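Working notes, structure below.
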Amino acid sequence: MFVLGLLTCVVLRAFSAQAKVVTSFYECRNFFYKDTEPGGMDQNAKKICQVYNNEGSKSTYYATLYSVLHRLPLYSAYTLDPACKSFPGKPCNNNWHVEPQISPSGSDIDYMVRETIHIPNIKENHAISSDYSETGYDRGHLNPNSFQCGIGRKATCTLTNAAPMDACFNRIHWYKWESTLRGLLLQKLISDGTFAKAYIVTGTVPNANPNERMNERVTVPPYIWTAVCYKHNSDDGKSFSFGYIGRNRPEGGISLKSVSDLNEELSRHYSQLLNIDQSIRIFADDCFGDNNKLNMVRGQFQKLINLPVNQAVQMSSGIQSMYLAVNTATSSDSIPAKKVKVSEMTVKLAFDSMSTYYNVAEELKDFPGTPCLITYAKPLVGNDELMKRDVSDAVECLLVPEKQKTAADGSICSSVSESSYSFQCNTGGEIKSCCSSPCLYQDKLKGYRCYSAQKLIECSPPYSLITYKGDRCKDDSPCATYGYDYYWCKTISGSWDYCSPPLWRSKAKNGQYCRSNHACAKYGEKRPWCYTDDKINRDECCTSDDCYSAVNHKTCRSGHTCGYHGKKHLWCYMDEKGNWDYCCKDCSQ
């Protein structure tokens with residue numbers, strides 16, 4: 001038993017995230033501007049320096065103030081490393097941690113452990129994953145894993161860094177502000193090199209209503225906020241600060257503010273919460289709040305500020321009434337939190353063109369696990385015609401929750417294994433690579449790519465439930481490559497057939513765009529082809545409409561773009577030896 005216990009301790013220490021509860025933030029003061037923590041919040045909250053122990057190598061990644069009264073983090077303070085620009089964040093899945101020292105009985109374990117490890121009385125002061133079950137709330141990161149690199153991402157997967165966030169608020173509204181913030185700060189940090197540092201604090205406002213608790217345990221914060229202090233080391237004129245705060249509801253409602261205005265709003269909320277006047281100060285001296293840079297920041301966030309829910313989406317009156325009814329039922333102030341939940345929802349989206357569908361589909365990939373699979377595609381031809389048609393004429397897709405993890409080629413996984421260097425799927429008979437980032441179209445590579453851990457690989461995005469003939473695929477067999485060099489699916493008739501690939505800009509060598517439901521592909525023949533109208537006219541084709549794409553997956557040589565070049569057909573040279581082939585877009589003008 002002693003040996004077993006010793007081995008358990010060794011394993012825990014070698015592969016555990018650490019989160020040391022401290023009396024002072026002195027050990028992790030470097031995450032605060034001027035080494036000064038925010039003031040005016042709950043003085044009885046636990047201070048945590050979030051440390052990760054990776055096989056004996058320890059690093060501190062951020063700091064957290066955690067309220068045991070509310071079982072909720074009040075804030076996490078962190079910085080953005082410009083080296084994190086290449087790889088998007090990876091979800092925590094079920095790899096969440098808890099902090100043993102927060103339990104009422106205390107613990108000698110000064111590091112965070114997987115919540116599957118038994119910790120006596122941990123639930124009394126600590127939120128756990130089961131608190132979130134069937135509530136409609138996400139375990140929303142305060143310190144986002146996309147702001148960290150490598151091991152730092154694992155250190156964000158702790159329930160002391162997670163707050164109950166409405167799923168729509170977290171995955172749509174807050175995510176867009178988070179992504180815009182990351183882009184803005186990376187641009188500034190890369191431009192300023194090593195001469196600047198971005199200090200960020202993301203926090204919650206506990207609810208003053210004691211009934212607003214998730215599963216009667218975890219306080220649901222009505223507001224989520226972020227404050228930013230960008231400090232240039234040698235030129236104060238380049239330093240600036242700002243903040244934003246949003247309502248933790250499906251409709252969002254996020255407002256951009258100066259740090260001083262954010263301090264005032266938080267002071268009002270905390271005064272109401274504690275029934276005593278509170279004065280909140282996030283940054284010492286408000287971090288250059290008088291530099292008049294708010295307008296510059298506003299320009300970056302302009303498209304997100306006060307964005308109406310239906311600004312870019314047309315709804316029929318019936319659908320709009322249904323949306324408003326659901327929204328009212330789930331966000332009513334008169335109903336305690338989570339007395340109502342949405343147990344089932346079907347969403348079908350309609351688009352004016354295949355091009356519009358694919359643009360939206362690329363954005364939806366930011367929300368992993370919910371692809372919109374095409375269920376209908378009208379055989380439209382040419383961009384001019386597409387532009388004239390109304391919404392719902394051309395393409396319909398169904399939002400389908402992902403039930404099982406898939407490999408990069410679409411194959412269903414029976415199990416998944418991941419590390420810092422690989423992300424693999426066992427399909428039951430073969431080991432295949434998985435995507436750890438969204439599968440996105442890469443213009444330069446003329447195809448879809450994703451990251452598998454740190455390696456860029458080819459991938460097959462989930463996109464359609466119909467074959468190129470319009471037959472329905474099985475629900476568990478959407479169009480994908482499944483290890484082949486073409487897209488296909490198993491059909492509900494018990495057979496299989498080719499799918500139109502997700503190449504919405506494919507064009508025929510006669511200069512016409514391919515039919516919207518019949519992109520350029522071989523479809524069992526020797527060379528790629530496509531229909532160019534809704535009859536039987538067809539031609540060889542290019543998979544893209546750029547100036548260097550030629551037929552049969554070839555590329556025009558550098559310096560010789562596709563054009564007529566004195567001929568009656570589009571062509572270009574393939575090499576310096578005079579070899580040529582047909583191409584699809586006139587770029588010679």
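The values are calculated or read from the model by the stated rules, or taken from the named source; none is laboratory data. Quantities reported herein were computed from a predicted structural model and do not represent experimental measurements. Neighbour counts are summed over all protein chains in view; Cβ atoms, including those assigned to glycine, are modelled from backbone coordinates with ideal geometry.
Of note:
Conditions tested, residue by residue: (1) in contact (Cβ under 8 Å) with a residue 40 or more places away in the chain; (2) of a type in the set (Ser, Thr, Tyr).
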{"site": "SER417", "(1), (2)": "no, yes"}
{"site": "CYS425", "(1), (2)": "no, no"}
{"site": "PRO438", "(1), (2)": "yes, no"}
{"site": "LEU456", "(1), (2)": "no, no"}
{"site": "CYS459", "(1), (2)": "yes, no"}
{"site": "LYS474", "(1), (2)": "no, no"}
{"site": "ALA480", "(1), (2)": "yes, no"}
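- Here TYR487, TYR463, TYR451, TYR523 are screened, and the one residue that is closer than 22 Å to LYS432 by Cα and modelled with pLDDT of 95 or more is TYR487.
- At least 2 residues being β-branched (Val, Ile, Thr) is the threshold, and among the strands (runs of 3 or more DSSP E) wholly inside region 185-299 those reaching it are 196-205, 223-232.
- Given (1) farther than 20 Å from SER239 by Cα; (2) crowded, with 19+ Cβ neighbours inside 10 Å, index of the condition LEU185 fails: (1)
- Region 250-261, residues that are farther than 20 Å from ARG182 by Cα and modelled with pLDDT of 90 or more: SER260, ASP261
- Residues (among the hydrophobic types (A, V, I, L, M, F, W, C) and assigned to a loop (DSSP other than H, G, I, E, B)) located in region 415-474: CYS434, CYS435, CYS439, LEU445, ALA453, CYS459, LEU465
- Residue within region 224-237 that is among the aliphatic types (A, V, I, L, M) and within 17 Å of the chain's Cα centre (by Cα) present: no
- Residue, farthest from ARG153 (Cα to Cα), within region 438-456, restricted to residues that are hydrophobic (A, V, I, L, M, F, W, C) and surrounded by 13 or more Cβ atoms within 10 Å (Cβ to Cβ): LEU440
- Conditions (1) surrounded by 15 or more Cβ atoms within 10 Å (Cβ to Cβ); (2) among the hydroxyl-bearing types (Ser, Thr, Tyr); (3) in contact with a Gly (Cβ under 9 Å, 6 or more places away or on another chain); (4) at pLDDT below 85: number failed by SER411: (4)
- Some residue of region 226-247 being modelled with pLDDT of 90 or more and more than 22 Å from LEU184 (Cβ to Cβ): yes
Let's see how each residue does on (1) surrounded by fewer than 22 Cβ atoms within 10 Å (Cβ to Cβ); (2) assigned by TED's automatic domain parsing to the domain that holds LYS403; (3) modelled with pLDDT of 85 or more:
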| position | (1), (2), (3) |
| --- | --- |
| ASN53 | yes, no, no |
| LEU69 | yes, no, yes |
| TYR78 | no, no, yes |
| LYS85 | yes, no, no |
| ILE109 | yes, no, no |
| MET112 | no, no, no |
| GLU134 | yes, no, no |
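- Figure legend. Inter-residue proximity from region 252-275: first residues farther than 27 Å from LEU69 by Cα, second residues at pLDDT below 90 and of a type in the set (A, V, I, L, M), beta-carbon distance below 9 Å, spacing 6+ or different chains. Indicated pairs: SER255/ILE305; LEU256/LEU294; LEU256/VAL297; LEU256/LEU304; LEU256/ILE305; LYS257/LEU294; SER258/LEU294.
- GLU216 vs. criteria assigned by TED's automatic domain parsing to the domain that holds GLN300, in contact (Cβ under 8 Å) with a residue 12 or more places away in the chain and surrounded by fewer than 24 Cβ atoms within 10 Å (Cβ to Cβ): no
- Residues that are modelled with pLDDT of 95 or more and under 11 Å from ASN510 (Cα atoms) number at least 2 in the following strands (runs of 3 or more DSSP E) confined to region 526-589: 538-542.
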